[in-house]
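J.: Structure below; questions to follow.
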Amino acid sequence: MSTVVRDVSIFGEAIAYFNEAADLLELDSGMRRILTHPTRQIIFSIPFQRDSGEFEVFTGYRVQYSFARGPGKGGIRFHPGVTLDEVTALAFWMTWKCAVVDLPFGGAKGGVTCDPSTLSSSELERITRRYAAELVEVVGPDKDVPAPDVNTTPQVMAWFMDTYSMHVRQNQPGVVTGKPLEIGGSRGRVEATGRGVTICAMDQMQQMGMDPKRASVAIQGFGNVGMHAARLFAERGCKVVALSDVTGAYCNPKGVDVGAAVAHAAKFRNLEGFTGGERISNAELLLLDCDVLVPAALENVFSAENAAKVKAKLVVEGANGPTTPEAARVFKERGIVVIPDIMGNAGGVTVSYFEWAQDRMGYFWKEAEVNERLEDVLLENLHQIRAIADKRGATLRTAAYTLAIDRVVKALKLRGIYA
Ligand code: GLU
């Protein structure tokens with residue numbers, strides 16, 4: 001993927017966004033200090049046996065950033081680029097994401113530094129089980145609830161849930177979300193993040209006077225977020241002009257056949273060899289002539305340099321952290337509207353919350369009910385963000401942080417600092 005190579009802390013940069021909103025809220029220095037420190041960072045070794053019999057050791061992480069509003073919540077990422085700094089930034093973003101859509105959760109994130117494309121299914125299972133076993137004491141439905149993220153699937157969640165349940169000697173589906181339906185998953189969870197992206201995009205397009213039936217959309221990333229977003233944009237009548245994954249980008253100004261791309265990826269595991277569009281690079285995709293641009297891959301894809309050349313009018317962040325603070329400044333100057341990650345991709349964790357609630361009730365909802373509640377939650381909070389942005393003359397990102405920080409601070413003040 002075309003990420004911008006930067007020798008700076010991702011967490012450090014994430015704090016820049018926090019500070020802008022903290023200034024607007026006139027937050028005191030003590031509260032700033034507390035909110036810019038993770039509650040708990042856990043690093044551990046994951047020894048495992050390769051199918052060949054050889055032993056290897058990977059590094060696992062779980063960062064529990066905040067418990068102010070409830071148990072920790074956030075995905076587990078399996079990727080070669082996973083570091084403590086990245087996981088901390090992702091846990092920090094989860095804190096604001098859960099607060100911005102008003103879920104009763106704090107924020108957390110986990111990861112294993114590994115390349116899943118080189119692992120067999122049984123190797124992946126052993127790594128997942130050891131990862132879960134290391135965290136038995138600190139996760140749980142009332143402590144911290146993991147979920148899928150980059151390269152982790154419902155099957156990985158099933159192994160996690162099983163390992164935890166075996167250790168605590170009782171079935172505990174609510175320890176993770178994003179599980180398969182058969183073992184306590186929620187209808188609508190798989191596509192929820194992509195659905196959330198389209199819900200936010202449609203509402204913002206209406207606000208900006210754009211007709212979805214005439215709008216062109218380019219999407220970077222064809223994983224769980226990008227693929228479902230592409231499908232749902234097409235379903236709503238938008239023209240998807242480009243798609244991409246790690247193999248490159250595929251562009252067709254007349255519209256890519258999203259169904260054909262989904263079928264291709266299902267058959268070959270990625271888009272390599274897809275003939276439904278002209279092959280361009282991931283970097284070129286970001287600069288295409290289109291109305292809506294959806295980065296749905298990894299962090300740091302927009303620098304000040306490429307942000308200056310983006311042609312889209314609206315950017316909806318499906319990925320976490322795709323925009324560097326310098327790029328955000330350029331977007332603001334150029335009048336490009338950005339729905340920030342903590343709002344744009346909050347559909348996933350919102351349906352995770354529904355899944356956790358359904359698991360605890362032992363009563364499962366119809367898909368239409370899940371989707372309807374998802375739309376309600378997202379639009380209600382998006383509208384609040386927009387009202388803050390209008391009132392304060394701020395970007396949607398700063399407004400989203402303002403709303404989220406205010407909610408977390410209120411919870412912290414009510415609970416008090418146990419010192
Ligand atoms: N990994 C997703 C995110 O970044 C989902 C987290 C969750 O459902 O807990 O929002």
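The values are calculated or read from the model by the stated rules, or taken from the named source; none is laboratory data. Remember, predicted model here, so these are calculated numbers, not experimental data. Note that we place each Cβ from the backbone using ideal geometry, even for glycine, and neighbour counts take in every protein chain shown.
J.: Which count do you get for residues in region 138-149 that are buried (at least 22 other Cβ atoms within 10 Å of the Cβ) and touching a Pro at 6+ places or on another chain (Cβ under 9 Å)?
T.: So the answer is 4.
J.: Among the helices (runs of 4 or more DSSP H) confined wholly to region 310-371, which include 2 or more residues that are within 16 Å of the ligand (Cβ to nearest atom) and under 21 Å from the mean Cα position of the chain (by Cα)?
T.: 341-344, 347-361
J.: State which residue pairs qualify: first residue free of Cβ contacts under 8 Å to residues at least 12 places away in the same chain and inside region 369-396, second residue in a helix (DSSP H, G or I) in any location, beta carbons under 7 Å apart, and separation of 6 or more residues or different chains.
T.: A389/L396; A389/A399
J.: Might you check whether a residue that is more than 28 Å from G277 (Cα to Cα), hydroxyl-bearing (S, T, Y) and either in contact with a strand residue (DSSP E or B) (Cβ under 8 Å, 6 or more places away or on another chain) or modelled with pLDDT of 95 or more (or both) occurs anywhere in region 178-188?
T.: Checked against the condition, which is being more than 28 Å from G277 (Cα to Cα), hydroxyl-bearing (S, T, Y) and either in contact with a strand residue (DSSP E or B) (Cβ under 8 Å, 6 or more places away or on another chain) or modelled with pLDDT of 95 or more (or both), region 178-188 yields at least one hit.
J.: Within region 3-23, can one find any residue that is more than 18 Å from the chain's Cα centre (by Cα), part of a loop (DSSP other than H, G, I, E, B), farther than 26 Å from T395 by Cα and free of Cβ contacts under 8 Å to residues at least 40 places away in the same chain?
T.: yes
J.: Looking only at region 135-160, how many residues end up being outside any loop (DSSP other than H, G, I, E, B), more than 14 Å from the ligand (Cβ to nearest atom) and either in contact with an Asp or Glu (Cβ under 7 Å, 6 or more places away or on another chain) or within 30 Å of V246 (Cα to Cα) (or both)?
T.: 3
J.: Right, something else. Could you pull out the residue among T95, T113 that is surrounded by fewer than 21 Cβ atoms within 10 Å (Cβ to Cβ), at pLDDT 95 or above and either within 11 Å of the ligand (Cβ to nearest atom) or of a type in the set (S, T, Y) (or both)?
T.: Result: T113 is the single residue among T95, T113 that is surrounded by fewer than 21 Cβ atoms within 10 Å (Cβ to Cβ), at pLDDT 95 or above and either within 11 Å of the ligand (Cβ to nearest atom) or of a type in the set (S, T, Y) (or both).
J.: Search region 39-89 for residues being closer than 17 Å to I15 by Cα and within 16 Å of the ligand (Cβ to nearest atom), and hand back the single one that is surrounded by the fewest Cβ atoms within 10 Å (Cβ to Cβ).
T.: Here the residue is T88.
J.: Scan region 154-167 and report the pairs whose first residue is small (G, A, S) and whose second residue is buried (at least 24 other Cβ atoms within 10 Å of the Cβ), with Cβ atoms within less than 6 Å and a gap of 6+ or a chain change.
T.: A158/K179
J.: I would also like to ask the following. When the residues of region 172-196 are filtered to those that are of a type in the set (V, I, T) and in a helix (DSSP H, G or I), which remaining residue is farthest from the ligand (Cβ to nearest atom)?
T.: Per the criteria, the residue is I183.
J.: Determine the pairs where a residue that is assigned to a loop (DSSP other than H, G, I, E, B), located within region 272-298, has a partner that is hydroxyl-bearing (S, T, Y) with Cβ atoms under 7 Å apart, the partner being 6 or more residues away or on another chain.
T.: Filtered contacts from region 272-298: E272/T247; F274/Y250; G276/Y250; G277/Y250; S281/S2; C290/S216; D291/S216; L298/T3.
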